[in-house]
Amino acid sequence: MSTPLPPFPKGPEPAIEPVLLELTSGPEGPQLRADAARNRARLLEAAARLVEERGVTNVTMEAVAAAASVGKGTVFRRFGDRTGLLMALLDHTEQQFQAAFLAGPPPLGPGASPADRLHAFGCGALRQTCDRLDLYIAAEPDASRRFNSAPYRVRFTHVAMLVREAVPAADSELLAQTLMGYLEPALILHLTRQRGMTVERLESGWHDLVERSTRPVPSRTESGPSRPPEATDRA
């Protein structure tokens, strides 16, 4: 992993809605939330050290428990499974990115045109994913959870909103899904490591995709009938 993870907060921090990943309070109850947050941060710091030292593929729940000097059950209760742990490692980074595109300066944040914000969003997401690509790949939920995970929903909702503003006549949901597909970690892994493409080339491709996707959609009267050729021949 080329970029170290940022420090984890030791206690509750103000959150910008919507929160990407809910921090479970666990069986301790709300009165011990500060202690629970400190314990969670300690586990995540241990996991982050292991990622740096051994690589993410060698990080297990058992190894994190040993590094943090706690029982394995504590780690499972806190994070559920290995995917939950790895997603939690990305939580703070994702929330920083979320804060930037929801309330940061333009063009990523409010104040720029929807198209300009889309351009900036994709480049920011590409850079962030490339910086921690191994962790993003390892933290990918399975197919049944991938598109319902909190980080994906937050990003998708934002992209769909910008598409709806930029091209009101388009099917914003499907177009947003198409744009999000370009930012999938598995595709970025294939393009950068297996095809040898640079991040700059991926950014250029994103700009081209956004330009094509945000062009005004011609009306049916302008583009003519949409029937397939065989239907036209029979008419």
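Tabulated values for the structure
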| item | result |
| --- | --- |
| Ser213 over 19 Å from Gln98 (Cβ atoms), within 17 Å of the chain's Cα centre (by Cα) and not aliphatic (A, V, I, L, M) | no |
| Single match in Arg145, Arg164, Arg153 (criterion: under 17 Å from Thr93 (Cα atoms) and surrounded by fewer than 18 Cβ atoms within 10 Å (Cβ to Cβ)) | Arg153 |
| Filter result for Thr232 (modelled with pLDDT of 90 or more, open to solvent by 30 Å² or more (accessible area, probe 1.4 Å) and either over 23 Å from Gln95 (Cβ atoms) or not in a helix (DSSP H, G or I) (or both)) | no |
| Check on Thr192, polar (S, T, N, Q) and out of contact with any helix residue (DSSP H, G or I) (no Cβ under 7 Å at 6 or more places or on another chain) | no |
| Residues within the stretch 192-207 that are surrounded by fewer than 18 Cβ atoms within 10 Å (Cβ to Cβ) and either in contact with a Phe, Trp or Tyr (Cβ under 7 Å, 6 or more places away or on another chain) or over 19 Å from Ala112 (Cβ atoms) (or both), tallied | 11 |
| Verdict on Leu126 being assigned to a loop (DSSP other than H, G, I, E, B), aliphatic (A, V, I, L, M) and in contact with a Phe, Trp or Tyr (Cβ under 7 Å, 6 or more places away or on another chain) | no |
| Selection count, the stretch 61-75, where residues are part of a helix (DSSP H, G or I) and crowded, with 16+ Cβ neighbours inside 10 Å | 8 |
| Inter-residue pairs, beta-carbon under 9 Å, first surrounded by fewer than 12 Cβ atoms within 10 Å (Cβ to Cβ) and in the stretch 48-60, second small (Gly, Ala, Ser) and modelled with pLDDT of 90 or more, 6+ apart | Thr57/Ala138 |
| Boolean, His92 is open to solvent by 30 Å² or more (accessible area, probe 1.4 Å) and assigned to a helix (DSSP H, G or I) | yes |
| Subset of the stretch 20-47 [modelled with pLDDT under 50 and open to solvent by less than 50 Å² (accessible area, probe 1.4 Å)] | Leu20, Leu21, Ser25, Gly26, Gly29 |
| Count - residues of the stretch 168-191 that are open to solvent by less than 30 Å² (accessible area, probe 1.4 Å), touching a residue at least 40 places away in the same chain (Cβ under 8 Å) and over 15 Å from the mean Cα position of the chain (by Cα) | 1 |
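The values are calculated or read from the model by the stated rules, or taken from the named source; none is laboratory data. Please read these numbers as outputs of a predicted model, since none were measured by experiment. A quick note on method: Cβ atoms are made from the backbone with ideal geometry, for glycine too, and the neighbour counts reach across all protein chains shown. In case anyone asks, the SASA skips ligands and DNA or RNA and just uses the protein heavy atoms, side chains included. Shrake-Rupley method; radii C 1.70, N 1.55, O 1.52, S 1.80 Å.
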